[in-house]
Protein chains: 2
Amino acid sequence: MEVLSENRCFGGIQGVYKHQSTATGTDMTFAVFLPAEAADGPVPVLWFLSGLTCTHDNAMTKAGAQAWAAEQGIAIVFPDTSPRGDGVPNDDAFDLGQGAGFYIDATEAPWSDHFKMWTYTAEELPAVIGENFAVDLTRQSITGHSMGGHGALTMAMALPGRFRSVSAFAPICNPTQSDWGRKQFTAYWGDEDNWGLHDATLLMKKSGFDGPMLIDTGTNDQFWDLLGTEAFAAAMTAKRQEGLLRLQKGYDHSYFFISTFMEDHVNFHAEALWA
Amino acid sequence: MEVLSENRCFGGIQGVYKHQSTATGTDMTFAVFLPAEAADGPVPVLWFLSGLTCTHDNAMTKAGAQAWAAEQGIAIVFPDTSPRGDGVPNDDAFDLGQGAGFYIDATEAPWSDHFKMWTYTAEELPAVIGENFAVDLTRQSITGHSMGGHGALTMAMALPGRFRSVSAFAPICNPTQSDWGRKQFTAYWGDEDNWGLHDATLLMKKSGFDGPMLIDTGTNDQFWDLLGTEAFAAAMTAKRQEGLLRLQKGYDHSYFFISTFMEDHVNFHAEALWA
């Protein structure tokens, strides 16, 4: 693992690192915020999965999360959203290929060689984090934005016992019924029969999440029709899932929306992580 | 004035606007954060002047200032750092020309046609802000980063009575003795005899500031030798200037440093603005 940068930030360290990933067959970059408390021993960890077009950098610089993570004494991991590089396939569209891994393992050419973001994010990177940073992997929670909200919700429900709490900002939560989902699943997995349950609404109907859930979506979200919030709300209520679904008046899909509610999300996770 | 974007943010509005500037002879872009309270009447205003290479965007997205401004009910204005565009002269160096206006009015060719950032920032833009936004121009304070810290300190001292408080993050505070200053003043103003007192250390020796002052600089600032902090500290103490000069252990010149101490700066200004 190579250190690309480390900056002092809210009494802790905001670092950016690179490692060779077996899952994707590429170098992968990720960021970790460690609060001051990590100098004295392992701290709980919150995962932030980013949205379409993002790298590890967007949330690290624009979400304002470090202020609250420092206050709560928890680490944050910001993974990249796809493999990258000259040898990695791509597409002209912003919502397919590099920057659009969708947190799934592709099986179809040309994507199947490198686009293994489920294995990378759910298995390989946690091991790298556990080996190299003072984090307590028995205390993990997960959040994300848009495509990363989809990733957070599906991982939380598909990996029972892994995360103590889950939240999301404007998540894609019914991708099998949306152009943000069908397009990518078709490219990465082919026929609909192969898609499985990588859909938060389907997973909610099947199992739900054994812990608290917090979702914020803006009423002026410019991508509202692609998110599937109605379907997810129906599934969440039908399941009597413990949680809050908040529709925030006037907010859109931007990082101004995310940063506004980041304090609530970090504090929500901290309560579960320190319980 | 043209609205480029408006996003709901911490209960208020983060907007980006464009107008034709008489001072620079170009279109100029700036950002304004208005807290929710501005819907009910004029609010105090804090100016944030940015550093080399920055536009209005950097501090707007990375400084985390809106959280605290919303809490205090004050507006923030983020001006650009220079005129820009095809007809505007530039230099290959990052620290001269576009993105490096230094908050002064150039008198030398080729800069003198457009590089009038003192007049723009101190006179023209405040009038535009006063006409178009619910701000109370009798309650103004100013802050900035690096080159923008130079701008904030020189404006606060050169315009007595304008600002109730002044602060800066890692300011260039003795530019007449630094390569961040001498190079640009020579280009924009020519011979040293023409430079006047656009130097915080010289202004401190002459007059100081009639109000509280807060300066944060990191002990690991990678540009330490260019800032002139020692000279300014000597002048500040000789003048018995009311204020705090804080050397923050381990912090560097980045926005991770700025965002860490932004709460302190906004609260510091709010105390003066609401007094």
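Name every residue in the stretch A:64-98 that is in a loop (DSSP other than H, G, I, E, B) and within 13 Å of the chain's Cα centre (by Cα), in order of residue number.
Correct list: A:80, A:81, A:82.
Considering only the stretch A:58-85, how many residues are surrounded by fewer than 24 Cβ atoms within 10 Å (Cβ to Cβ) and closer than 17 Å to residue A:150 by Cβ?
1
Working only within the stretch A:146-175, note down all residues that are within 17 Å of residue A:264 (Cα to Cα) and open to solvent by 10 Å² or more (accessible area, probe 1.4 Å).
The one that is within 17 Å of residue A:264 (Cα to Cα) and open to solvent by 10 Å² or more (accessible area, probe 1.4 Å): A:164.
Given the criteria more than 10 Å from chain B (Cβ to nearest Cβ) and either small (Gly, Ala, Ser) or more than 19 Å from residue A:135 (Cα to Cα) (or both), does residue A:63 qualify?
The answer is no for residue A:63.
Return the pair list, or none, for Cβ contacts closer than 8 Å from residues in the stretch A:210-224 that are within 11 Å of chain B (Cβ to nearest Cβ) and more than 12 Å from residue A:164 (Cβ to Cβ) to residues that are at pLDDT 95 or above and in a strand (DSSP E or B), at least 6 apart or on different chains.
A:218/A:247; A:218/A:248; A:218/B:8; A:219/A:247; A:219/A:248; A:220/B:8
Go through the stretch A:242-260 and count every residue that is at the interface with another protein chain (Cβ under 9 Å from one of its Cβ atoms) and either surrounded by 20 or more Cβ atoms within 10 Å (Cβ to Cβ) or of a type outside the set (D, E, K, R) (or both).
Residues in the stretch A:242-260 being at the interface with another protein chain (Cβ under 9 Å from one of its Cβ atoms) and either surrounded by 20 or more Cβ atoms within 10 Å (Cβ to Cβ) or of a type outside the set (D, E, K, R) (or both): 10 in total.
Could you grab me the full set of residues in the stretch A:186-206 that are in contact (Cβ under 8 Å) with a residue 60 or more places away in the chain and either among the acidic types (Asp, Glu) or crowded, with 22+ Cβ neighbours inside 10 Å (or both)?
Residues satisfying the conditions are A:188, A:198.
Go through the stretch A:8-22 and report how many residues are in contact (Cβ under 8 Å) with a residue 24 or more places away in the chain, more than 15 Å from residue A:38 (Cβ to Cβ) and assigned to a strand (DSSP E or B).
Adding up the residues that qualify gives 2.
Tally up the residues in the stretch A:33-45 that are over 14 Å from residue A:121 (Cβ atoms) and open to solvent by less than 50 Å² (accessible area, probe 1.4 Å), please.
Residues of the stretch A:33-45 over 14 Å from residue A:121 (Cβ atoms): A:33-44.
Still in the running and open to solvent by less than 50 Å² (accessible area, probe 1.4 Å): A:33-35, A:38, A:41, A:43-44.
Final tally of qualifying residues: 7.
If you check residue B:264 against the conditions, is it at pLDDT 95 or above, surrounded by fewer than 20 Cβ atoms within 10 Å (Cβ to Cβ), within 13 Å of chain A (Cβ to nearest Cβ) and over 13 Å from residue B:74 (Cβ atoms)?
Yes: the conditions hold for residue B:264.
Is it the case that some residue within the stretch B:222-231 is surrounded by fewer than 23 Cβ atoms within 10 Å (Cβ to Cβ) and part of a loop (DSSP other than H, G, I, E, B)?
Yes, the conditions are met somewhere in the stretch B:222-231.
Report yes if some residue within the stretch A:93-112 is open to solvent by less than 10 Å² (accessible area, probe 1.4 Å) and either closer than 18 Å to residue B:259 by Cα or of a type in the set (Val, Ile, Thr) (or both); otherwise report no.
Yes, the stretch A:93-112 has at least one match.
Exactly one condition in (1) within 15 Å of the chain's Cα centre (by Cα); (2) open to solvent by 10 Å² or more (accessible area, probe 1.4 Å); (3) within 14 Å of another protein chain (Cβ to nearest Cβ) is not met by residue A:55; state its number.
That leaves (3) as the condition not met.
Among the residues of the stretch A:126-183, which ones are hydroxyl-bearing (Ser, Thr, Tyr) and in contact with a Ser or Thr (Cβ under 7 Å, 6 or more places away or on another chain)?
Within the stretch A:126-183, A:141, A:143, A:165, A:167 meet the criteria.
To keep it simple, each residue is scored yes or no on (1) over 21 Å from residue A:255 (Cα atoms); (2) out of contact with any Gly (no Cβ under 9 Å at 6 or more places or on another chain); (3) modelled with pLDDT of 95 or more.
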site: A:20; (1), (2), (3): yes, yes, yes
site: A:66; (1), (2), (3): no, no, yes
site: A:78; (1), (2), (3): no, yes, yes
site: A:103; (1), (2), (3): no, no, yes
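Only one of (1) crowded, with 21+ Cβ neighbours inside 10 Å; (2) in contact with a helix residue (DSSP H, G or I) (Cβ under 6 Å, 6 or more places away or on another chain) fails for residue A:117. Which number is that?
All conditions pass for residue A:117, except number (2).
Restricting attention to the stretch B:231-240, does a residue exist that is more than 30 Å from residue B:42 (Cβ to Cβ), touching a residue at least 40 places away in the same chain (Cβ under 8 Å) and within 14 Å of chain A (Cβ to nearest Cβ)?
Within the stretch B:231-240 (the criterion being more than 30 Å from residue B:42 (Cβ to Cβ), touching a residue at least 40 places away in the same chain (Cβ under 8 Å) and within 14 Å of chain A (Cβ to nearest Cβ)), the answer is no, since none of the residues qualifies.
Which residues, counting only those in the stretch A:232-241, are in contact with a strand residue (DSSP E or B) (Cβ under 8 Å, 6 or more places away or on another chain) and open to solvent by 20 Å² or more (accessible area, probe 1.4 Å)?
Selection gives A:233, A:241.
Only one residue in A:16, A:88, A:45, A:32 is within 14 Å of another protein chain (Cβ to nearest Cβ) and either among the acidic types (Asp, Glu) or out of contact with any Phe, Trp or Tyr (no Cβ under 7 Å at 6 or more places or on another chain) (or both). Which one?
A:16
The values are calculated or read from the model by the stated rules, or taken from the named source; none is laboratory data. All figures in this text were calculated on a predicted structure; none of them were measured in a lab. When we count neighbours, we look across all protein chains shown, and the Cβ atoms used for this are built from the backbone with ideal geometry, even at glycine. Keep in mind that these areas ignore ligands, DNA and RNA; they rest on the heavy atoms of the full protein, side chains included. Shrake-Rupley method; radii C 1.70, N 1.55, O 1.52, S 1.80 Å.
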